[in-house]
Amino acid sequence: MLESTMLFGATMLVYRGMVVLAVALLVLSRAGAEDICTVGNEGLECTQQTSKLLIQGGTVVNADYQQQADVYIEDGVVKLVAPNLKAVGGVRIIDATGKFVMPGGIDPHTHMEMPFMGQESIDDFFSGQGAALAGGTTMHIDFALPVDGDLAAGYQAWEKKAEKSCMDYGFHMAVTKWNDDVAKDMEWLVKEKGINSFKFFMAYKGALMVTDEELIQGFKKCKELGALPQVHAENGDGVVEGQTRMIELGITGPEGHPLSRPPVLEGEATARAIRLAKFVNTPLYVVHVMSIDALDEVSRARHSGQRVIGEPVASGLALDDSKLWDPDFKIAAQYVMSPPIRAAGHSQALQAALSSGVLQLVATDHCPFNSTQKALGKYDFRKIPNGVNGVEERMHIVWDTMVNSGKISVMDYVRVTSTACAKIFNIYPRKGAILPGSDADIIILNPNATTTISSKTHHSRIDTNIYEGWSMKGNIETTISQGNVVWEKGNLNVQRGKGRYIAMKPFGYLFDGLDKVDAAYLTSLKAPVHRAS
Ligand code: URQ
Ligand code: ZN
Ligand code: ZN
């Protein structure tokens, strides 16, 4: 009897001790750190109260203005941007002295878990986004594909894939054929599902390619809905001819890929798409501009006042095609993407166009296939799944290629890696800026630290990396997504399902005034001529 009373007494003592401890922690948290700890079934449980962060001492850089200032964040939103902000209780301080505090990168062109050429791209939404966050990108816009041409089914399939997201994301939708159902689904996607851009492939014959008739109908529907048409601009019929020519010449290795689809086929399709967009009077977005031939068409159109957006990708901006001739198939096949990475000279022209504003933003076209998947084309380059990595490397590659080289300013860096994309897809200033009210998607870049890229340390699932061994000055030490520190000191701290779908409204700035041009066009017709019957 005595023992049991003593035992009960002892247990009560321990229990009381634990309650006291919990309360002490509660007080502390109110005073110091932001975790709230309670005594649960599993013992001590810590949950985050509000995420209050104060980034102090850095240079805050937006696309149009930079200043020495502190940034106060609460509940995932930027509250204050001003010098000499002081912290009160429960706020975590991040020291950014000597560093750049910038909006997180937005990658407008990715392909997570995409079925393509009999394979599926190796990163899913969780692994691909984790890689993005480790590289300073805090939002991406992925290309959803229709299922058997059915856009609604395609949307639902991508919605499912994205459930595992750990960062914010949006969708573009591809259109691979034309009929009334496609037109209806486009309307539904724009009006109900927050999609404000559609991609048309002018290549990949027999798989994704559309005809000019389908392109024109698609452009007209996009214009009506205030959605931005995007094109993969290569002449798909020319590519088939080019591939046959290489095979007949006995060229079956990865080098056959760029040789089969030369810049002239990219230039022709870019010119055609731009002229058809002019004919319909719709703005146009040309994805992955990889060559001078395509660049010249974008440049000519913009100089004529046409609303054409040109999107280079990190691989085209920073690399040339020499590795495609590497005698080691595994190395060469990594670089197979379409349009191909071009010969030396093209990347320099793309860099110059980016710094002069002829090209507006930088994407990745992240579509990774590992070496096992790539090996399916060992004896016929036409079977090598097209696509490269880049979502984790883009921010560093652009920093090194464009800022370290002095080609663009840090403000321009923010514009081409984040702000321009947010404005084009109508999500600015929620995204793409560090302003009161903006989402707290922020990176801290230390210009004096170094970064070395390697498949041994990267976070993507791919076993190779087209930037292997690239070492540079400048390192994104901290990534904040939705107000949470998700990357710091080389540690990734992400949560499955934390990512939010970002709906994008139609009729962004590229559509302002189109109706006036249409009205002027109708007036210019001076028709029909009324003749006496
Ligand atoms: O064409 C694209 O954008 C997709 C299919 C990714 N692959 C590629 O080689 N660019
Ligand atoms: Zn493409
Ligand atoms: Zn792509």
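The values are calculated or read from the model by the stated rules, or taken from the named source; none is laboratory data. The structure presented is a predicted model; accordingly, all values stated were derived computationally and were not measured. FYI the Cβ positions are ideal-geometry reconstructions off the backbone, even for glycines, and counts take in every protein chain you see. Surface areas here come from the heavy atoms of the whole protein model, side chains and all, with no ligands, DNA or RNA. Shrake-Rupley method; radii C 1.70, N 1.55, O 1.52, S 1.80 Å.
Here are the numbers for this structure:
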| item | result |
| --- | --- |
| Among residues of the range 301-314, those that are assigned to a helix (DSSP H, G or I), away from ligand 2 (no atom under 16 Å from the Cβ) and either touching a helix residue (DSSP H, G or I) at 6+ places or on another chain (Cβ under 7 Å) or in contact (Cβ under 8 Å) with a residue 24 or more places away in the chain (or both), counted | 2 |
| Residue ID - least open to solvent (accessible area, probe 1.4 Å), chosen from residues in the range 317-336 that are within 16 Å of ligand 3 (Cβ to nearest atom) and within 18 Å of Ile251 (Cβ to Cβ) | Val336 |
| Failed item, numbered, when Gly206 is tested on (1) more than 24 Å from the chain's Cα centre (by Cα); (2) away from ligand 1 (no atom under 16 Å from the Cβ); (3) more than 25 Å from Gln306 (Cα to Cα); (4) free of Cβ contacts under 8 Å to residues at least 12 places away in the same chain | (2) |
| Matching strands (runs of 3 or more DSSP E) fully within the range 84-189 where at least 2 residues are more than 23 Å from Glu393 (Cα to Cα) and away from ligand 3 (no atom under 15 Å from the Cβ) | 92-95 |
| Exclusive hit being under 20 Å from His109 (Cβ atoms) and in contact with a Pro (Cβ under 7 Å, 6 or more places away or on another chain), set Gly136, Gly194, Gly218, Gly128 | Gly218 |
| Near pairs, Cβ below 7 angstrom, 6+ apart or cross-chain, from the range 397-413 (part of a helix (DSSP H, G or I)) to any residue that is open to solvent by 50 Å² or more (accessible area, probe 1.4 Å) and modelled with pLDDT of 95 or more | Val410/Gln66; Met411/Asp64; Met411/Gln66 |
| Residue in the range 216-232 that is within 16 Å of ligand 1 (Cβ to nearest atom), hydrophobic (A, V, I, L, M, F, W, C), within 19 Å of Met290 (Cβ to Cβ) and not in a helix (DSSP H, G or I) present | yes |
| Yes/no for Leu354 being in a helix (DSSP H, G or I), within 16 Å of ligand 1 (Cβ to nearest atom), open to solvent by less than 30 Å² (accessible area, probe 1.4 Å) and under 28 Å from Ile453 (Cα atoms) | no |
| Only listed residue being surrounded by 23 or more Cβ atoms within 10 Å (Cβ to Cβ) and of a type in the set (D, E, K, R), chosen from Glu266, Glu241 | Glu266 |
| Test for Asp168: is it open to solvent by 10 Å² or more (accessible area, probe 1.4 Å), away from ligand 2 (no atom under 16 Å from the Cβ), acidic (Asp, Glu) and closer than 20 Å to Met114 by Cβ | no |
| Of all residues making up the range 501-519, the number that are surrounded by 11 or more Cβ atoms within 10 Å (Cβ to Cβ), of a type outside the set (Asp, Glu) and either free of Cβ contacts under 8 Å to residues at least 12 places away in the same chain or out of contact with any Phe, Trp or Tyr (no Cβ under 8 Å at 6 or more places or on another chain) (or both) | 9 |
| Arg307 over 24 Å from the mean Cα position of the chain (by Cα) and either buried (at least 24 other Cβ atoms within 10 Å of the Cβ) or under 19 Å from Lys199 (Cβ atoms) (or both) | no |
| Near pairs, Cβ below 6 angstrom, 6+ apart or cross-chain, from the range 145-164 (under 18 Å from Ala183 (Cβ atoms)) to any residue that is in a helix (DSSP H, G or I) and open to solvent by 20 Å² or more (accessible area, probe 1.4 Å) | Val147/Ala153; Val147/Ala157; Leu151/Asp185; Ala152/Asp185 |
| Test: Arg382 is under 20 Å from Gln243 (Cβ atoms), among the basic types (Lys, Arg) and within 16 Å of ligand 2 (Cβ to nearest atom) | no |
| Check on Arg275, on the phi < 0 side of the Ramachandran plot, in contact with a Ser or Thr (Cβ under 8 Å, 6 or more places away or on another chain), open to solvent by 30 Å² or more (accessible area, probe 1.4 Å) and more than 16 Å from ligand 1 (Cβ to nearest atom) | no |
| Sole exception among (1) open to solvent by 20 Å² or more (accessible area, probe 1.4 Å); (2) in contact with a His (Cβ under 6 Å, 6 or more places away or on another chain) for Ser291, by number | (1) |
| Residue satisfying all of: in the range 492-533; of a type in the set (A, V, I, L, M) and part of a loop (DSSP other than H, G, I, E, B); farthest from Trp158 (Cα to Cα) among these | Ala532 |
| Some residue of the range 328-336 being in a helix (DSSP H, G or I), out of contact with any helix residue (DSSP H, G or I) (no Cβ under 8 Å at 6 or more places or on another chain) and either within 15 Å of ligand 2 (Cβ to nearest atom) or among the β-branched types (Val, Ile, Thr) (or both) | no |
| Selection status of Asp180, away from ligand 1 (no atom under 16 Å from the Cβ), modelled with pLDDT of 95 or more, open to solvent by 30 Å² or more (accessible area, probe 1.4 Å) and more than 28 Å from Gly432 (Cα to Cα) | yes |
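Per-residue answers, yes or no, for (1) within 16 Å of ligand 2 (Cβ to nearest atom); (2) without any contact (Cβ under 8 Å) to a residue 40 or more places away in the chain; (3) assigned to a helix (DSSP H, G or I):
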{"site": "Pro254", "(1), (2), (3)": "no, no, no"}
{"site": "Ala269", "(1), (2), (3)": "yes, no, yes"}
{"site": "Ala273", "(1), (2), (3)": "yes, no, yes"}
{"site": "Ala277", "(1), (2), (3)": "no, no, yes"}
{"site": "Thr282", "(1), (2), (3)": "no, no, no"}
{"site": "His288", "(1), (2), (3)": "yes, no, no"}
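The rows are residues; the columns are (1) in contact with an Asp or Glu (Cβ under 7 Å, 6 or more places away or on another chain); (2) open to solvent by 30 Å² or more (accessible area, probe 1.4 Å); (3) at positive phi; (4) within 16 Å of ligand 1 (Cβ to nearest atom).
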{"position": "Leu361", "(1), (2), (3), (4)": "yes, no, no, yes"}
{"position": "Cys367", "(1), (2), (3), (4)": "no, no, no, yes"}
{"position": "Lys378", "(1), (2), (3), (4)": "no, yes, no, no"}
{"position": "Gly406", "(1), (2), (3), (4)": "no, yes, yes, no"}
{"position": "Lys423", "(1), (2), (3), (4)": "no, yes, no, no"}
{"position": "Ile427", "(1), (2), (3), (4)": "no, no, no, no"}
{"position": "Ala440", "(1), (2), (3), (4)": "no, no, no, no"}
{"position": "Asn446", "(1), (2), (3), (4)": "yes, no, no, no"}
